[in-house]
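Following: one structure in structure tokens, then a few remarks.
The values are calculated or read from the model by the stated rules, or taken from the named source; none is laboratory data. As the structure is a prediction and not an experimental result, all values here were calculated from the model. A quick note on method: Cβ atoms are made from the backbone with ideal geometry, for glycine too, and the neighbour counts reach across all protein chains shown.
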Amino acid sequence: MAAVESRTSEQHGGGPVITVTTTVPAAGGTFVARHEGRVVFVRGSAPHETVTARVIDDPSGLDGARFWRAETVDVLEPSVDRVPTVWPEAGTDGVGGADWAHIALPAQRRIATDVLRELLQRAKVTSFPLDDVQVEPAPHDEDGLGWRTRVRLAVDERGRVGMRGWRSHEVRPVGENPLAAPAIRALALTSWTPPAGTEAIDAVAPSADEPAVVIIGRDLDPGDVSIPEGWGAAHVAVQNSSGLHVVRGAETVRERVGDQELVVGVTGFWQVHRDAASLLADVVERDLAARPGDSVWDLYGGVGLFAARIGRTTGLDGEVVSVEGNKRAGRLAQQNLADVPGASARTSDATDFVREQRRGADRVVLDPPRAGAGAELIELLAERVRERIVYVSCEPSTLARDLAIAEQKGWRIEDLRAFDLYPHTHHIETVVVLERD
Ligand SMILES: C[S@@+](CC[C@H](N)C(=O)[O-])C[C@H]1O[C@@H](n2cnc3c(N)ncnc32)[C@H](O)[C@@H]1O
């Protein structure tokens, strides 16, 4: 038996333990195996290895189920891609989003490439050669460590700080997260004792100023927080049932992207990998290829990352509208775009906004959450965009679905690049350029 540390969450204790041999990867970071004629999706495994795995589905429904889901318990014959995990304390289920930490980094990218190709093929996306699909590392990312600029920690009822197990309420002591940015690790949050009533802690390592810590708990009193010396000049806030309360510093941090600086909320969305914002802004700027005078929509715009960059090209004669559903992010987008010629920010649902815009736009960038854009928005864009659509996606399955719809509506894929912006996890980021066929 291979000496691989394994742990099964208490939550999943009920299912049978089976011995299976995995084959190819499946969406969601699992690997396909067969047991007594049934497909089993095995988490915590790797391609072509024999493992014992605990079935995690409701035991009462197993007989009639088409497939089972299972979690690796022990590795009997390891995959050639298996390496000692970069985060042993996280266990085999990759607590806190490190579900591929036991797979060699180049193999992670090869496997993610296979999954992306498979998803595009299954969705019947035909306008881009699958052989040209390749997941690339982020520039300068040698080991896939220290990249995470946003980390959420869980706190149990006894005040111990850790991370939640996968699909579990159990809080595990995990040590400092090796994927987290050095500024987050330096806060040593997993050995800190938070005030009573803390439910979670968010840590943020912005590129341009001090880190931030947000202490979350419905009934927390901001007056109860004493800030450890080791946190230096970190921003500190409390999020309780009445909202966000600054204890020290500010409720926003500054992020540097190339030669621009943007203001981002300590609790709002920002690209997680330390290099993602710059990389994606560069790729989107080039791929969108906007010209002076163009009208551009930046849908799901967050605090205006892409609009801030594109506005420099389109200039005063052009128009860039950043459209964001979250009010707080929409307000920050307004602030970030105040000095960008021709740029403005709207707080609106992306689909509602496009439905109202009968004049259309020359070019559009969209960067939806994992659920993707969906049929209605893609169909509206297919009608109303004159030149180019750049689709930035963090979820390949919904991207493939949306690309197939765009192809049916007369658009084709001009370029597709995929980036490993979440090393040691199965997640990837994809940027697709669409043009009229
Ligand atoms: C993946 S983030 C991208 C943000 C931005 N492009 C960036 O890179 O910083 C998705 C954003 O879409 C926003 N969002 C989610 N659903 C939305 C909707 N239906 N309409 C508009 N924005 C939405 C979220 O609040 C979030 O800011």
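See the values below:
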quantity: Strands (runs of 3 or more DSSP E) lying entirely in the range 38-118 (those with 1 or more residues that are within 25 Å of S393 (Cβ to Cβ) and out of contact with any helix residue (DSSP H, G or I) (no Cβ under 8 Å at 6 or more places or on another chain)); calculated: 67-77
quantity: The range 399-427 residues that are within 17 Å of L280 (Cβ to Cβ), paired with ones that are outside any strand (DSSP E or B) and basic (K, R) (beta carbon under 7 Å, 6 or more apart); calculated: D420/R109
quantity: Test for A373: is it in contact with a strand residue (DSSP E or B) (Cβ under 7 Å, 6 or more places away or on another chain), over 29 Å from E251 (Cα atoms) and within 11 Å of the ligand (Cβ to nearest atom); calculated: yes
quantity: Test for L153: is it of a type in the set (A, V, I, L, M), surrounded by 23 or more Cβ atoms within 10 Å (Cβ to Cβ) and in contact with a His (Cβ under 9 Å, 6 or more places away or on another chain); calculated: no
quantity: Test: L366 is buried (at least 20 other Cβ atoms within 10 Å of the Cβ) and within 14 Å of the ligand (Cβ to nearest atom); calculated: yes
quantity: A234 of a type outside the set (V, I, T), within 16 Å of the ligand (Cβ to nearest atom) and free of Cβ contacts under 8 Å to residues at least 60 places away in the same chain; calculated: no
quantity: Count of residues meeting criterion [surrounded by fewer than 22 Cβ atoms within 10 Å (Cβ to Cβ) and either within 16 Å of the ligand (Cβ to nearest atom) or on the phi < 0 side of the Ramachandran plot (or both)] in the range 342-360; calculated: 13
quantity: Those residues of the range 6-35 which are at pLDDT 85 or above and either within 25 Å of the chain's Cα centre (by Cα) or part of a helix (DSSP H, G or I) (or both), in sequence order; calculated: V24, P25, A26, A27, G28, G29, T30, F31, V32
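Table: residues versus (1) surrounded by 22 or more Cβ atoms within 10 Å (Cβ to Cβ); (2) of a type in the set (K, R); (3) more than 11 Å from the ligand (Cβ to nearest atom).
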residue: G249; (1), (2), (3): no, no, yes
residue: D259; (1), (2), (3): no, no, yes
residue: A281; (1), (2), (3): no, no, no
residue: R286; (1), (2), (3): no, yes, yes
residue: A289; (1), (2), (3): no, no, yes
residue: V303; (1), (2), (3): yes, no, no
residue: T313; (1), (2), (3): no, no, yes
residue: S322; (1), (2), (3): yes, no, no
